[in-house]
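Trainee: Take this structure, written in structure tokens, and hold onto it; I'll ask about it next.
The values are calculated or read from the model by the stated rules, or taken from the named source; none is laboratory data. What you see is a predicted model; the values in this text were computed from it and never measured. With ideal geometry, Cβ positions are generated from the backbone for all residues, glycine too; neighbour counts draw on all protein chains shown. To get the accessible areas, we keep the full protein, side chains included, count just its heavy atoms, and leave off ligands, DNA and RNA. Shrake-Rupley method; radii C 1.70, N 1.55, O 1.52, S 1.80 Å.
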Amino acid sequence: MNYEFTHDPSYTVVSATLDADERITVEAGSMMSYSEHVEMDTHSSSDGLFSSVKNSVLSGETLFRNTFTATANGQTVRFAHTQPGDVTGVGLDSESVYVQSGSYVANEAGITTDSVSGGLDSILGGKGLFFLEASGTGTLFVGSYGGILEQELEPGETLTVDAGHSVAWDESVDFNTHRVGGLKKTMLSGEGYVMTFTGPGTVYLQTRDYDTFLGEIISRVNTN
């Protein structure tokens, strides 16, 4: 499978070119178009309906996904993140990546996903208690609200991130969620809870916080 990005970083579109029998799985609602010789199959997002319901409830992903299989060479499937922003491809080689709620877009054959616990502290960050774990070999596509910033961490190097700006991170990266400071700093700084990542590995960040954006809209509606 080959792929290219267009209209990035604000409204990124992924064009994946498939040869016969190649396939790609895309989050429900993310497909834009596909060529004549492509078959689409709608199925539960994980291995079995119960597992899909678990992942949907815990990690915030959709209950169903669509898998597109090419029946001839040179077929194209186009897809985009459901939020306005960027998409990037993460190459996995018998590895795992943790994906923040709502950031999963698609994956190449050879990758499986499942919800995993982020620990009790993660619920304090406002992004939920569970994340999606993508494992295997192939390309994983993750999306953002805004642009994507890729940060490489050396062994022992730390990076503190507003919880709403995290997208994904390598399994080799340790993390914990905590308040930015004391109660006064938490209330007055506008930052709330943050995530501190410790390398080695890669952390993917988004330049905008979708939850903050929605909160502002709701606040304005309630005041009118």
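Trainee: Does Gly29 satisfy the condition of being modelled with pLDDT under 95, surrounded by 17 or more Cβ atoms within 10 Å (Cβ to Cβ) and within 21 Å of Gln206 (Cα to Cα)?
Mentor: In short, no.
Trainee: Right, Val14: open to solvent by less than 20 Å² (accessible area, probe 1.4 Å), closer than 16 Å to Ser144 by Cβ, modelled with pLDDT of 95 or more and not in a loop (DSSP other than H, G, I, E, B) or not?
Mentor: yes
Trainee: One residue is enough: does the stretch 215-223 have a residue meeting the conditions at pLDDT 75 or above and either within 30 Å of Glu95 (Cα to Cα) or surrounded by fewer than 14 Cβ atoms within 10 Å (Cβ to Cβ) (or both)?
Mentor: no
Trainee: Filter the stretch 75-109 down to residues that are loosely packed, with under 15 Cβ neighbours inside 10 Å and farther than 17 Å from Val14 by Cβ, then give me how many there are.
Mentor: Total meeting the criteria: 2.
Trainee: While we're looking at this one, here's another question. Consider only pairs whose beta carbons are under 8 Å apart and that are at least six residues apart or on different chains; among these, list those whose first residue lies in the stretch 55-74 and is buried (at least 18 other Cβ atoms within 10 Å of the Cβ) and modelled with pLDDT of 95 or more and whose second residue is part of a loop (DSSP other than H, G, I, E, B) and not aliphatic (A, V, I, L, M).
Mentor: Pairs found: Thr69/Asp21; Thr69/Glu22; Ala70/Asp19; Ala70/Asp21; Ala70/Glu22; Ala70/Ser35; Ala70/His37.
Trainee: Looking only at the stretch 32-46, filter to residues that are in a loop (DSSP other than H, G, I, E, B) and modelled with pLDDT of 95 or more; which one of those is most open to solvent (accessible area, probe 1.4 Å)?
Mentor: Within the stretch 32-46, the match that is most open to solvent (accessible area, probe 1.4 Å) is Glu36.
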